[in-house]
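Worksheet: one structure, shown below.
The values are calculated or read from the model by the stated rules, or taken from the named source; none is laboratory data. It should be emphasised that the depicted structure is a prediction, and the values quoted were computed from it without experimental measurement. Don't worry about glycine lacking a Cβ; one is built from the backbone with ideal geometry, like all the others, and counts go over all protein chains shown.
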Amino acid sequence: MPALEIPRATEYLQWLEERLSEKTLRHTLSVAGTMRALAGKAGIERVPAITAGLLHDCCKNMTPDALLATAESYGIPIHDLQRRTPKLLHGPVAAEEVKRQLGVDDEDVYEAIYWHTTGRPGLGRVGQALYLADFCEPFRAIPEATECRRILETHGFDAALLYAARNIVAHVREKHDMDPTTEAFLEWLESEERWS
């Protein structure tokens with residue numbers, strides 16, 4: 001287990017152990033460790049970074065029906081693609097669960113968890129880091145994740161984030177219906193002056 005170095009880490013882990021499969025919990029701990037490592041590179045504080053990483057997938061193992069019902073009960077807007085593919089709601093539902101059940105009221109953590117699957121234009125730095133960490137944490141064995149980790153080490157955070165976003169969009173275009181927010185996030189990243 002990575003050194004989490006956040007208040008309430010034991011409480012969060014016990015809560016997650018009740019909700020998640022062993023595989024999802026392993027991924028979650030790896031993302032939290034990656035967020036810890038990314039904090040300095042992304043210019044963000046460690047506590048919100050690690051907290052977002054640890055809690056981001058707390059609803060990953062909910063059934064599609066449960067995700068839809070919970071989203072509706074929380075008043076989360078649901079678009080047609082999410083109705084057809086309820087697993088896309090695991091980020092928004094998780095953000096609400098973390099806020100309502102654990103009392104985590106950090107807006108950066110909420111935003112990061114809410115948008116970690118799709119990204120969005122204007123996403124804050126904690127959210128950007130979570131999007132990247134979710135893609136390239138060490139248990140992701142796909143070649144693209146390995147390459148992303150190499151880019152992170154050689155070219156830095158922003159280059160790795162752009163690489164991850166481009167790969168996610170290419171993968172989704174090939175396999176699934178595209179959430180327009182995901183494409184808009186990539187367009188926003190590519191339009192930022194920092195890429196020129």
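Name every residue in segment 12-38 that is without any contact (Cβ under 8 Å) to a residue 24 or more places away in the chain and charged (D, E, K, R), in order of residue number.
Answer for segment 12-38, where residues must be without any contact (Cβ under 8 Å) to a residue 24 or more places away in the chain and charged (D, E, K, R): Glu17, Glu18, Glu22, Lys23.
If you scan segment 124-152, which residues turn out to be of a type in the set (A, V, I, L, M) and closer than 18 Å to Asp57 by Cα? Walk me through it before giving the result.
Within segment 124-152, the first condition is being of a type in the set (A, V, I, L, M), and the residues that meet it are 126, 129-130, 132-133, 141-142, 145, 151-152.
Hits for segment 124-152 are Val126, Ala129, Leu130, Leu132, Ala133.
Among Pro121, Pro143, which is the only one that is over 16 Å from the mean Cα position of the chain (by Cα), of a type outside the set (Asp, Glu) and surrounded by fewer than 17 Cβ atoms within 10 Å (Cβ to Cβ)? Step through it out loud before you land on a result.
Working: Pro121 fails: over 16 Å from the mean Cα position of the chain (by Cα).
Sole residue among the options that is over 16 Å from the mean Cα position of the chain (by Cα), of a type outside the set (Asp, Glu) and surrounded by fewer than 17 Cβ atoms within 10 Å (Cβ to Cβ): Pro143.
When only residues in segment 6-63 that are part of a helix (DSSP H, G or I) and of a type in the set (Val, Ile, Thr) count, which is surrounded by the most Cβ atoms within 10 Å (Cβ to Cβ)? Write out each step before concluding.
Of all residues in segment 6-63, those part of a helix (DSSP H, G or I) come to 9-19, 22-42, 46-55.
Filter again for of a type in the set (Val, Ile, Thr), leaving 10, 24, 28, 31, 34, 47, 50-51.
Working: Thr10: 9, Thr24: 15, Thr28: 23, Val31: 31, Thr34: 27, Val47: 16, Ile50: 27, Thr51: 28.
Going through the qualifying residues, I end up with Val31.
Name the single residue that is farthest from Ala129 (Cα to Cα) among those in segment 159-182 being at pLDDT 95 or above, surrounded by 15 or more Cβ atoms within 10 Å (Cβ to Cβ) and of a type outside the set (Val, Ile, Thr).
The residue in question is Asn167.
For segment 134-155, how many residues are closer than 25 Å to Asp177 by Cβ and either assigned to a helix (DSSP H, G or I) or in contact (Cβ under 8 Å) with a residue 12 or more places away in the chain (or both)? Steps first, answer last, please.
Step one: list which residues in segment 134-155 are closer than 25 Å to Asp177 by Cβ, which gives 134-136, 140, 142-145, 148.
When the remaining residues are screened for being either assigned to a helix (DSSP H, G or I) or in contact (Cβ under 8 Å) with a residue 12 or more places away in the chain (or both), the result is 134-136, 143-145, 148.
The number of residues fulfilling the criteria is 7.
Looking only at segment 93-103, count every residue that is surrounded by fewer than 20 Cβ atoms within 10 Å (Cβ to Cβ) and in contact (Cβ under 8 Å) with a residue 40 or more places away in the chain and tell me the total.
2
What's the total number of residues in segment 172-196 that are in a helix (DSSP H, G or I) and in contact (Cβ under 8 Å) with a residue 12 or more places away in the chain?
So the first thing to find is which residues in segment 172-196 are in a helix (DSSP H, G or I), and the list is 172-175, 180-191, 193-195.
This time we only want the ones that are in contact (Cβ under 8 Å) with a residue 12 or more places away in the chain, so: 181-190, 194-195.
Residues in segment 172-196 being in a helix (DSSP H, G or I) and in contact (Cβ under 8 Å) with a residue 12 or more places away in the chain: 12 in total.
Determine whether Gly156 is on the phi > 0 side of the Ramachandran plot, out of contact with any Phe, Trp or Tyr (no Cβ under 8 Å at 6 or more places or on another chain) and of a type outside the set (Phe, Trp, Tyr).
yes
Report, ordered by the first and then the second residue, all pairs with beta carbons closer than 8 Å, sequence separation of six or more or different chains, a first member in segment 39-67 that is under 18 Å from Ser21 (Cα atoms), and a second member that is of a type in the set (Asp, Glu).
His56/Asp134; Cys58/Glu97; Cys59/Glu97
In segment 91-105, what residues are out of contact with any Leu (no Cβ under 6 Å at 6 or more places or on another chain) and either assigned to a helix (DSSP H, G or I) or not β-branched (Val, Ile, Thr) (or both)? Reasoning before the result, please.
Pass one, segment 91-105, residues out of contact with any Leu (no Cβ under 6 Å at 6 or more places or on another chain): 91-92, 94-97, 99-105.
Selection gives Gly91, Pro92, Ala94, Ala95, Glu96, Glu97, Lys99, Arg100, Gln101, Leu102, Gly103, Asp105.
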